[in-house]
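A.B. asks: This is the structure, below, for whatever I ask next.
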Amino acid sequence: MAFVQHLLQLYAQVMPYLEGVDLMTTLEFRGGCPYPEPEACAIFNQIVDGLEVAHSLGLAHHDMSFENLMTDAAGDAVIIDWGMVVKVALTDRGIPVRLLVHFEHALHL
């Protein structure tokens, strides 16, 4: 019974309010690339860093898109909408098990 109760537990993550619009809206509003290249690269690097932290914890966002990326008042990138996040089992080398299985299967073809 304890196992069933554990499976039925609900978890919630509350994020602070972030004023502004997502990057898709910004792109549409500006009719193209809204940032100079150095600023775009800085935002991209912050997004990659954030995903690297999530992946190192075995978390997969599962809904990455311009609609789920924002910049805060300081211009720092923020990954939003973690509602579809899943926990992925990792090997002892930190590789997602599912990815490793697909890779090994591809090698046997």
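A.B. asks: Identify all residues within region 56-79 that are at pLDDT 90 or above, more than 8 Å from the chain's Cα centre (by Cα) and over 11 Å from Ile43 (Cα atoms); write none if there are none.
C.D. replies: Once the filter is applied, which keeps residues that are at pLDDT 90 or above, more than 8 Å from the chain's Cα centre (by Cα) and over 11 Å from Ile43 (Cα atoms), region 56-79 yields Ser65, Phe66, Glu67, Asn68.
A.B. asks: Any chance you could count how many residues in region 56-78 are at negative phi, surrounded by fewer than 16 Cβ atoms within 10 Å (Cβ to Cβ) and without any contact (Cβ under 8 Å) to a residue 40 or more places away in the chain?
C.D. replies: Count: 7.
A.B. asks: Out of the residues in region 1-33 that are farther than 13 Å from Asn68 by Cβ, hydrophobic (A, V, I, L, M, F, W, C) and part of a loop (DSSP other than H, G, I, E, B), state the one that is modelled with the highest pLDDT.
C.D. replies: Val14
A.B. asks: What number of residues within region 60-71 are of a type in the set (A, V, I, L, M) and under 11 Å from Met84 (Cβ atoms)?
C.D. replies: Pass one, region 60-71, residues of a type in the set (A, V, I, L, M): 60, 64, 69-70.
From the residues that got through so far, the ones that are under 11 Å from Met84 (Cβ atoms) too are 60, 64.
Residues in region 60-71 being of a type in the set (A, V, I, L, M) and under 11 Å from Met84 (Cβ atoms): 2 in total.
The values are calculated or read from the model by the stated rules, or taken from the named source; none is laboratory data. Here the structure is a predicted model, which is why all the values come from computation and not from measurement. Using ideal geometry, Cβ is built from the backbone for each residue, glycine included, and neighbour counts are taken over all protein chains shown.
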